[in-house]
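The values are calculated or read from the model by the stated rules, or taken from the named source; none is laboratory data. Computed from a predicted structure; not experimentally measured. Here Cβ is always computed from backbone atoms with ideal geometry, including for glycine, and neighbour counts include all displayed protein chains. Note: accessible area is taken over every heavy atom of the protein model, side chains too, but ligands, DNA and RNA are not part of it. Shrake-Rupley method; radii C 1.70, N 1.55, O 1.52, S 1.80 Å.
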Amino acid sequence: MTKKSWTSRLTSRERSHSPVERFAFRTALAALLLSCGLSAAQTPAPATPVPATAAQAAAAPAEAPASASVEPTLVVEHGYVVRQTADVGGHMVGVSGSGAMYDTLVNIHTGPRVLGQTLNLTPAPGIKHLLMDSLSAFTTGFGGDPINLAKLDFSKKKVYEFHGTFRRDRQYFDYDLLGNPNIPPGTVIPYGMANGVATTASLAFPSVQQSPVMFNTVRRMTDTSMTFLPLGDISFRLGYAQNIFQGPSTTPSRSIGKNDMLLAEYQRNSTDDFFAALDLKPGQLTKITFEEQVVHYKADSYFTIAPNQFNVQEADGTLAALGNWDAVVTPFTIAACNTASMGSGYTNATNYSILSAPLSPGGRPVINPACDVVTSYLRSQPTRIITPTETLLVQSSSIRHVAFNGNLRYTTANSNLAHYYENWTGLDGAIRNATFNGNAVAQRRMVSTDFGVTWEATKDLTLSDQVDFSNLHQPGYANISPGITQNAPTTAGNETINYAGPLLAGANYSITGNPSGAPLYAYFGQKFLINNATASWSATSLLTLSLTYRYRTHTIVQTSGTGPLSNIISINENGGIFNIAYRPSAQWKMNGTVEVLYDDNAFTPVGPRQTKHYRFHTMYKPKPWATFSGAFNDLERHNNTSNTGTPSLDGPIGHVDHNRTAGVSAVLAPNEQYSFDVSYSYSDIYTSTNICYLSGASVAVPGAASTKGNGTPNLCPDTLTDWGPVKDFMDAPTQYASASINYTPNNKVHTSAGYRISAVSGNQFFANAQQVNGSMQSGYLSPFVNFAWTIHPGLIWRAEYNYYGYGEGGPSGAPFCSTSTSATAVVVPCNSSIITGPTGLKEPSSGLTAPRNMHANVVTLAIHYEF
């Protein structure tokens, strides 16, 4: 696989055969063998016995019979009974195929690991402690695994309780079909042209072999909480949490200078969460709580041009980016050059030179100095948000047959972008550089309350009501200046990137649609009122019925710019929920729910006007060692009308989506020696909406076309350049199955083996003729085998084997193609010989990107030691 990328982790690497990997493997194996030898040879230090009290000594027999079991002597240190375990070992990994796909799905690599560790301290009998009674600690995954966890808990009986966790999660993602422009192979930029024919070499404009939204980020999450007097009538709680998210990624961008660019984003965002609460318990069944939570968010990401976009250079070696990274036909033409300044390299429209042969330093083709490029770019927008929230909660069941709970919350948040900065340098016509500055402020004010009450009217009848209300106001403004530009003089021959003379102040350069630079104001507000009234009736000891009536009103207000409120939408929802719980026997339980809702409006075209939700679950346990279960879930949503009352130019919306899931499972454990479990589930996620779409067809690259029943082009009614209207749909039926068996022939050997497989057989509407289904026709399987051998009590050798295999189906794509968009366009099958450009039906299953199929073997060896 050829994988081109641009930063330390977002680069190609073949882990399976590199010297680094072989060294890591040998290190892991040596560490494992060393730990095995040391653990087997080590004799635990003599335990400090717990002294017996006088009463215990008097009651003890003079000598225990030989056949009586003897309790192991407890290990006591500093008055605590100490129990520790450690799992030390490592992984051996071999990957074939797409390393990017393996890292996206698994990301486990060769090397030694601390697979697990525990520590438990409990008071020794008869010993009291002043500061701490018990402590437990747990860690897993440290040493190189993508997910690490550490947990610490300690307490002092009725005085306090402390809980803390730390999690580290590395997320690597490069599914190269996502956002890919599908650039056909062979696309080039000629060094020179004469009468429209390339006369010299050319610069290859490569297909994009990685996802334009790939990332390699790390999250570090710390959570701590302390409760004082947890069992008292008055208790206090304090907490602090931090979440840090950072790492590199790629981000498609709008035009910078003349052309669009692929950006490198270096993310560093963090959240600090402070929490304090006071709990009052005036009665045994009543609790009142006041909470204060303050969240501080810091966004410190910045953007530059992705390094692999610098594909040319200036004559002095300065790297330059052409842009148009997603152009599929003409990535860079004479239209991007000042022809009056090109000198002898330009005579007329068919005789010009954009590029010339590479020079040192740099070794890249040299761009004509009169052509538009970008040599540097930086955008930073450090944002700070502070969000305090006060909450009052009350819950009580002190009144006979009545229970209620409620809360009142108030949030006032302030978001501040103190200094927005954006600058690019290069050439865009006469413009040599542009700089943007500004600031933005937003506020968020929200009042919300939830209140629920339940009344046991009779022994068999319960009535309840739940009311939820929230009111949000979010005003803000942005004050971003027009671009301050510096231009080369307009004299012919001066609009060049190597012009060394004085620059002139240029006109405002707008990228925000606000060339005047006046502040832009915006407002968003919404209000919810939801009421659920429920009656529940226990018809018999085996049958319970409940019925809920739901009413919801939702009002949305939006505005932008300097005008009046521009968008006010009200949505009213009515519906009912019916639930039945039935127990035919003590071994068999089942319950089901039917929910039907109707909205008189929708905020977006795909917002539901009609909602139906069906749920069913059953469990059957004929024997204590046998359990069978099944579940069904079906969510149906539709919007068959114009949601704002204004018909679309492209016809009715006709939106439909559903999410259906059904599954069955069985767990059998007839004895302690073996057990077996098997499960199967089927899910289908489907969505479709009527659309018109731009063909984008050209002679070099065909576009997906649409035909009527008689085979003529199907064009939208409002334009002759769009195909349709057609059903834009996506359907992803997925089957998942797993089976495993556990076998324990004796108390020293434990084994298990299993197989897991997920298969997707979906399809979609193709508006791009080069697009393929990718993961919508794929399979992912992962069989495994585990083995554990207790060498002696407290020392266990473990081995685990996992296989990961991912593959995608055969060619797929749009059925019909055309190279024009007109009423007389010729529409032919996309796999026809008439279509000369690449299409999904002619490409491999991976499309025009790097193949994504992969398989990997992962062996994990470890020693579990208790001491």
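What is region 174-236 by shape, rounded, prolate or oblate, if you read a ≥ b ≥ c off the alpha carbon gyration tensor as root eigenvalues and call it rounded for a/c under 1.5, prolate for a/b larger than b/c, and oblate otherwise? List each step's numbers first, then the result.
Working: a/c = 8.01, a/b = 6.06, b/c = 1.32.
Because a/c hits 1.5 or more and a/b exceeds b/c, region 174-236 counts as prolate.
Keeping every protein chain in place, order Glu495, Glu161, Glu866 by accessible area at 1.4 Å, biggest value first, i.e. largest first.
Details: Glu495 25, Glu161 65, Glu866 90 Å².
So, going from the largest accessible area down, we get Glu866, Glu161, Glu495.
Mind computing the radius of gyration and Dmax over the alpha-carbon atoms of region 748-805? Å is fine for both.
Both quantities, over Cα of region 748-805: 20.2, 64 Å.
Each residue of region 106-113 in order: what ³J(HN,Hα) in whole Hz does its phi give by Karplus 6.51 cos²θ - 1.76 cosθ + 1.60, θ = phi - 60°, with x for Gly and Pro?
3J(HN,Hα) across region 106-113, in whole Hz: 10, 6, 9, 10, 5, x, x, 9.
Where does the charge balance sit around Val667 when Lys and Arg score +1, Asp and Glu -1, over other residues with C-beta under 12 Å from its C-beta? The partial results should precede the final answer.
Details: positive: Lys621, Lys623; negative: Asp677.
Local net charge: +1.
State the percent of C-alpha pairs, over all pairs in the chain, separated by a distance greater than 41 angstrom.
Working: 211038 of 375411 pairs.
Of the Cα pairs, 56 percent sit more than 41 Å apart.
Where does region 717-847 land on Rg/Rh, using Cα atoms and the Kirkwood Rh? Mind showing how you got there, number by number?
Working: Rg = 24.9 Å, Rh = 18.9 Å.
Across region 717-847, the Cα-based Rg/Rh ratio is 1.32.
Give the span of region 69-122's Cα atoms along each principal axis, as three whole-Å numbers ordered largest to smallest.
56, 24, 16
Considering only C-alpha atoms, what is the centroid distance from region 532-598 to region 751-810, in Å?
38 Å
Ordering Arg83, Arg637, Arg400 by how much accessible area each has at a 1.4 Å probe, largest first, what is the list?
Values: Arg83 125, Arg637 90, Arg400 195 Å².
Output order, biggest surface exposure first: Arg400, Arg83, Arg637.
Cβ neighbours within 10 Å, averaged per peptide: list 106-112, 704-710 in order, most packed at the top. If you can, show how the numbers build up before the last one.
Values: 106-112: 20.3, 704-710: 16.1.
Those peptides, ordered most packed to least, come out 106-112, 704-710.
Going out from 0 in 5 Å bins, what whole percent of all Cα-Cα distances in region 427-517 drops into each bin?
3, 11, 13, 9, 8, 7, 6, 5, 5, 5, 5, 4, 4, 4, 3, 3, 2, 1, 1
In whole Hz, with x marking every Gly and Pro, tabulate ³J(HN,Hα) for region 230-243 from phi via Karplus 6.51 cos²θ - 1.76 cosθ + 1.60, θ = phi - 60°.
x, 9, x, 5, 10, 9, 10, 10, 10, x, 9, 9, 9, 10
Which ³J(HN,Hα) values, rounded to whole Hz and listed in residue order, are derived for region 314-329 from phi using the Karplus coefficients 6.51, -1.76 and 1.60 in 6.51 cos²θ - 1.76 cosθ + 1.60 with θ = phi - 60°, glycine and proline given as x?
Result, rounded to whole Hz: 7, 4, 8, x, 5, 6, 9, 10, 6, x, 6, 4, 10, 6, 9, 10.
With the Cα gyration tensor of region 351-408 giving a ≥ b ≥ c as the square roots of its eigenvalues, does the rule (a/c under 1.5 for rounded; else a/b larger than b/c for prolate; else oblate) give rounded, prolate or oblate?
Numbers: a/c = 6.71, a/b = 5.42, b/c = 1.24.
In terms of gyration-tensor shape, prolate.
Compute the angle between helix 19-41 and the longest alpha-carbon principal axis of the chain, please, reported from 0 to 90 degrees and rounded to the nearest 10.
Taking Cα atoms only, the helix is inclined about 0 degrees.
Which sequence of Tyr804, Tyr102, Tyr521 reflects their accessible areas, 1.4 Å probe, from the largest down? All intermediate terms of the calculation are to be shown ahead of the outcome.
On the way: Tyr804 35, Tyr102 0, Tyr521 120 Å².
The ordering from most to least exposed comes out as Tyr521, Tyr804, Tyr102.
Under the classification rounded if a/c is under 1.5, otherwise prolate if a/b is larger than b/c and oblate if not, where does region 293-364 fall, given a ≥ b ≥ c as square roots of the Cα gyration tensor eigenvalues? Please report the intermediate quantities before stating the final value.
Numbers: a/c = 3.32, a/b = 2.21, b/c = 1.50.
Judged from the Cα gyration tensor, region 293-364 comes out prolate (a/c at least 1.5, a/b above b/c).
Which cross-chain or sequence-distant (5 or more) residues have an amide H under 5 Å from the amide H of Thr110, H modelled 1.01 Å from N in plane?
Val93
At 222 nm, what value in deg cm²/dmol follows for the chain if DSSP H runs of at least 4 each add -39500 (n - 2.57) and the sum is divided by all its residues, to the nearest 500?
Values: 3 runs with 36 residues, N = 867.
About -1500 deg cm²/dmol.
Could you name the aspartates and glutamates in cross-link range of Lys281, using Cα to Cα under 16 Å and dropping any fewer than eight places away on the same chain?
Result set, ordered by chain and number: Asp233, Glu291.
Carbon and sulfur together cover what percent of the accessible area of the chain at a 1.4 Å probe radius?
Numbers: 26810 of 43580 Å².
Carbon-and-sulfur percentage of accessible area, whole number: 62.
Largest first, please: the extent of the C-alpha atoms of region 62-207 along each principal axis, to the nearest Å.
112, 42, 21
Beyond 25 Å, what share of the Cα-Cα pairs of region 234-350 is found? Please give it as a whole percent.
Values: 3810 of 6786 pairs.
Every Cα pair in region 234-350 considered, those over 25 Å come to 56 percent.
Accessible area per residue for region 706-821 in Å², computed with a 1.4 Å probe and the full protein assembly in place, what is it?
Working: 5370 Å² over 116 residues.
I get 46 Å² per residue for region 706-821.
What's the local net charge at Ile244, with K and R +1, D and E -1, over the other residues with C-beta under 10 Å away?
On the way: positive: Arg168, Arg219, Arg220, Arg268, Lys298; negative: Asp272.
Local net charge: +4.
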